[in-house]
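Written below as structure tokens is the structure these notes are about.
Nothing in this text is a laboratory measurement; each read-out follows from the coordinates by a stated rule. For clarity, every value in this text was computed on a predicted model and none was experimentally measured. Positions of Cβ are generated from backbone atoms using ideal geometry, with glycine treated the same way; all protein chains shown enter the neighbour counts.
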Amino acid sequence: MIENYDSVDVFISVDVGKSEHNAVALDRTGKRLYDKALPNDEVQLRAVIRKLKLRGQVLLVVDQPETVGALPVAVAVAYTEGILVGYLPGLAMRRIADLHPGEAKTDARDAAIIAEAARTLPHALRPLRLEDEQLAELSMLCGFDDDIVGQMTATSNRIRGLLMQVHPALERVLGPHLDHPAVLDLLQKYPTPTAMKAAGLTRLGTRLLKLAPRIGCRLAEEIFQALSEQTVVVGGTNATRAVLPRLAEQLATLRRQRAEIAVEVEELVDAHPLEPILTSMPGVGVRTAARLITEVSGKDFATAGHLASYAGLAPVTRRSGSSIRGEHPSRRGNKALKRALFLSAFAALSDPVSRTYYDRKIAQGKRHNQALIALARRRCDVLYAMLRDGTIYQAQSPTTP
């Protein structure tokens, strides 16, 4: 709910776009005050807001508060005479659109729907606060880190796919170790099975030992054992000489970039006041703490249940007569936060308290993922209490029910 909503005189909706937005402004009675395309330009945004501000208190509502919608939000928040800002979540927008006549999907129609929702459905709106510079930087770095992880996964899968195509036995040895710089270095130097055989066991072992002193010799022996298991040459094998070194170099570069980003993320997390609270919890490292800060900081949750619902960890009850009864995992919520809490729960299995709770859920017949979700939900309650009270994590006895 938007604070001071009852004082609003003008409702401006902005259906954001890359080059221009569609804006609609309504007064309390529903009279249309503005309805046209609005360039994504600070000067023109300010001019429209200034003109409509003459009619009283203004509420600006967007459907995307970040990326292409960031400038309208920033202009409204920076306005000296005070502009209320909110956003209409995408799911709410789609459901409200179904209530309006017509099947067309246009920016102008969407802007009109957002304006009408802002005027008549205040409970559907969410308040927006402009992030401070530290939080904005951390959010951008976390987003970039997610992009790098996606590229790393795609590149790694491409390498494994090529190895599986030309030499399955070699893929079984090298595939699980593509996160090791020694293996990527080896693929850049000897990209084909023929090149590896020609180099010999000793030379391969020596090269691997430079970056992998603990597993270099063993890995070299496993590689040569795999090479001996296939005598035929699959079509296209020679082409890997041109492809694999580039893919290996690309993956190595991505890993270096992610390590560099991790240093910057750690510096921002260390400087944030929530850092000692979040990292005191088992299973919460720098990256998880960064994600928790970007997704939770600045948001108000009335209860632990509200936080769990926001994260998509609260079970959804489904009942219809006597045939459909039960609770199911939610498919909604903040997916980034849900993933962070889920992975954090998995990392916390070495903690005696978390492990005891997980084992109890497994004994009750739950599968691995179900038990982890239950653990993440329990830890979400603890996290809420820590953030509410500003206290660090306090371990309980593993026998506590």
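Data table
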read-out	value
Sum of side-chain charges, S354 neighbourhood, beta-carbon under 10 Å (Lys, Arg +1; Asp, Glu -1)	+1
Where Rh is the Kirkwood radius over Cα pairs, Rg/Rh for the chain	1.07
Estimated 222 nm signal from helices in the chain, with DSSP H stretches of n ≥ 4 weighted -39500 (n - 2.57), rounded to 500	-18500 deg cm²/dmol
Order of D110, D300, D27 under a 10 Å beta carbon neighbour criterion, fewest first	D300, D27, D110
Extension gain, L121 back to L54 (0.36 nm per residue minus Cα-Cα distance, nm)	21.7 nm
19 Å tail of the calculated P(r), region 276-389, as % of Cα pairs	46
Highest average packing first - 3-13, 181-191, Cβ atoms within 10 Å	181-191, 3-13
Principal axes of region 5-130: Cα extent on each, largest first, Å	38, 32, 25
Mean separation of Cα contacts under 8 Å (6+ apart) over length of region 164-291, as relative contact order %	27
Region 363-395: trypsin sites (Lys or Arg not before Pro) falling in loop per DSSP and having at most 10 other Cβ within 10 Å	R367
Total formal charge among the other residues, if their Cβ is under 12 angstrom from that of A154, Lys/Arg +1 and Asp/Glu -1	+1
Helix 216-227 vs. the chain, principal-axis angle (Cα, 0 to 90°, nearest 10)	80
Likely footprinting exposure, H123, H306, fewest C-beta neighbours within 10 Å first	H123, H306
Lysine pairs within region 5-130, Cα separation less than 23 Å, 8 or more sequence positions apart or different chains	8
Semi-axes of the equivalent ellipsoid for region 138-265, Cα gyration tensor, largest first, Å	28, 17, 11
Residues whose placed amide H lies under 5 Å from that of Q64, excluding near-sequence neighbours	V16
Neighbourhood charge, 15 Å Cβ-Cβ cut-off, centred on Q250 and excluding it, Lys, Arg +1 and Asp, Glu -1	+2
